[in-house]
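A short write-up of the structure that comes next.
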Amino acid sequence: MANDRRVALVTGASRGVGRAIAISLAKVGFDVVVTARTVREGDGFDVSHDGRVRALPGSIEKTVAAIRSAGRHALPVPMDLADPLSIGLAVGEVLEAWGHVDVLVNNAIYTGRGAQASVLDLSLADLREEVDVDIVAPLTLISLLVPAMVARGKGTVLNVTSAVAYIDPLDMGSYGVGYAVGKAGLFKAAGILAVELGDRGLRAYNVHPGFIRTERMELHVADQEGLDLTHAAPPEVCGAVVAWLADDPTDDDDPPRNGSLVESQKFCAERGLVEGWPAPPSTPR
């Protein structure tokens, strides 16, 4: 494979924001490594706060097909972020196939019982799994892939975050301490990467999707939490912003500061990155 190809690796790319990011990266010229646990359509699931296993659409194979339809190469690589061996084997497969990674998108999150559990109900086993998936696994990918980016003199790390990482809640219910701690732990990485390695060609950002209408939200979370999805943005909004950041727009008049937080819905609207979004306000009759 040609060494000058632009390669992006996206975790949790079987559905939702991760799938939209992978497809958006393909549209701006990246070949994409599609990683997730769900390989085949029909095998996807998550675990609710009460332990129920619930089916979800989406798969590696579906995202790969969409990328190839966009005219780019896609490399399907199963990866379980709760399993360090799986991470190592996946990275080895990627480097053997394509030689390098230019852009790492840490998008996948833990969706097990620990994510919504209250402080009094949280088990240490669930907390450890949350921390392993949301903090240790992304940092593992950073440690495996960033040194080669620095050696090549360029590279980008994009960590998909949440407001729970930096804002205290008014009340609890939609998430628990485990999810908040997991997102907050990774939140610090982008700024540190920018300070330590920015002068060696590395760019890093936290990207906040905001309120997004994903498959998981539509099928499970909205009803459970009483959310109105009418005003939720489509996943393509965050996908377009990540692709814009990954595409190294050095000619932009006001690029985000290296290491900073990018609020994707505001950023997308200001730059008109998704045609037809946001919809113009309706005219009162």
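Inside the stretch 232-244, residues that are open to solvent by 10 Å² or more (accessible area, probe 1.4 Å) and closer than 10 Å to Arg213 by Cβ make up a count of 3.
Among residues of the stretch 259-281 that are in a strand (DSSP E or B), those with a Cβ under 9 angstrom from a residue that is open to solvent by 60 Å² or more (accessible area, probe 1.4 Å), sequence gap 6+ or separate chain, pair up as Leu261/Tyr166. Being in a loop (DSSP other than H, G, I, E, B) and under 19 Å from Phe30 (Cβ atoms) is a description that applies to Ala108. Right, Thr140: of a type in the set (Ser, Thr, Tyr) and surrounded by 18 or more Cβ atoms within 10 Å (Cβ to Cβ) or not? It is false that Thr140 is of a type in the set (Ser, Thr, Tyr) and surrounded by 18 or more Cβ atoms within 10 Å (Cβ to Cβ). Under 6 Å by Cβ, and 6 or more places apart or on different chains, what pairs join a residue from the stretch 96-114 that is more than 16 Å from Gly182 (Cα to Cα) and small (Gly, Ala, Ser) with one that is modelled with pLDDT of 85 or more and assigned to a strand (DSSP E or B)? Between residues of the stretch 96-114 that are more than 16 Å from Gly182 (Cα to Cα) and small (Gly, Ala, Ser) and residues that are modelled with pLDDT of 85 or more and assigned to a strand (DSSP E or B), the close pairs are Ala97/Leu75. The sole residue among Gly12, Gly42, Gly29 that is open to solvent by 10 Å² or more (accessible area, probe 1.4 Å) and touching a helix residue (DSSP H, G or I) at 6+ places or on another chain (Cβ under 6 Å) is Gly12.
Listed here are the residues, each with its yes/no results for (1) within 17 Å of the chain's Cα centre (by Cα); (2) free of Cβ contacts under 8 Å to residues at least 60 places away in the same chain.
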residue: Asp132; (1), (2): yes, yes
residue: Ser143; (1), (2): no, yes
residue: Thr161; (1), (2): yes, no
residue: Asp171; (1), (2): no, yes
residue: Ala180; (1), (2): yes, yes
residue: Ala189; (1), (2): yes, yes
residue: Leu197; (1), (2): no, yes
residue: Arg200; (1), (2): no, yes
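For Ala184, the requirement of being touching a residue at least 40 places away in the same chain (Cβ under 8 Å), within 24 Å of Thr35 (Cβ to Cβ) and open to solvent by less than 70 Å² (accessible area, probe 1.4 Å) is not met.
Exactly one residue out of Leu227, Leu197 is modelled with pLDDT of 85 or more and either more than 23 Å from Phe45 (Cβ to Cβ) or surrounded by fewer than 19 Cβ atoms within 10 Å (Cβ to Cβ) (or both), and it is Leu197.
Kindly evaluate Asp247 against the criterion of being open to solvent by 80 Å² or more (accessible area, probe 1.4 Å) and either within 23 Å of Ala8 (Cα to Cα) or out of contact with any helix residue (DSSP H, G or I) (no Cβ under 7 Å at 6 or more places or on another chain) (or both). Against the criterion (open to solvent by 80 Å² or more (accessible area, probe 1.4 Å) and either within 23 Å of Ala8 (Cα to Cα) or out of contact with any helix residue (DSSP H, G or I) (no Cβ under 7 Å at 6 or more places or on another chain) (or both)), Asp247 does not qualify.
Each residue in the stretch 47-77 was checked for being of a type outside the set (Ser, Thr, Tyr) and touching a Gly at 6+ places or on another chain (Cβ under 8 Å), and 7 pass. Among the residues making up the stretch 52-94, a single one is open to solvent by 80 Å² or more (accessible area, probe 1.4 Å) and among the hydroxyl-bearing types (Ser, Thr, Tyr): Ser69. Of everything listed in (1) buried (at least 18 other Cβ atoms within 10 Å of the Cβ); (2) modelled with pLDDT under 90, the single unmet condition for Pro169 is (1).
For Thr111, the conditions (1) touching a strand residue (DSSP E or B) at 6+ places or on another chain (Cβ under 9 Å); (2) surrounded by fewer than 17 Cβ atoms within 10 Å (Cβ to Cβ); (3) of a type in the set (S, T, N, Q) all hold with the exception of (2).
The values are calculated or read from the model by the stated rules, or taken from the named source; none is laboratory data. Predicted model only: the values in this text are computed from it and were never measured. Here Cβ is always computed from backbone atoms with ideal geometry, including for glycine, and neighbour counts include all displayed protein chains. All accessible areas refer to the heavy atoms of the entire protein, side chains included, with ligands and DNA or RNA removed. Shrake-Rupley method; radii C 1.70, N 1.55, O 1.52, S 1.80 Å.
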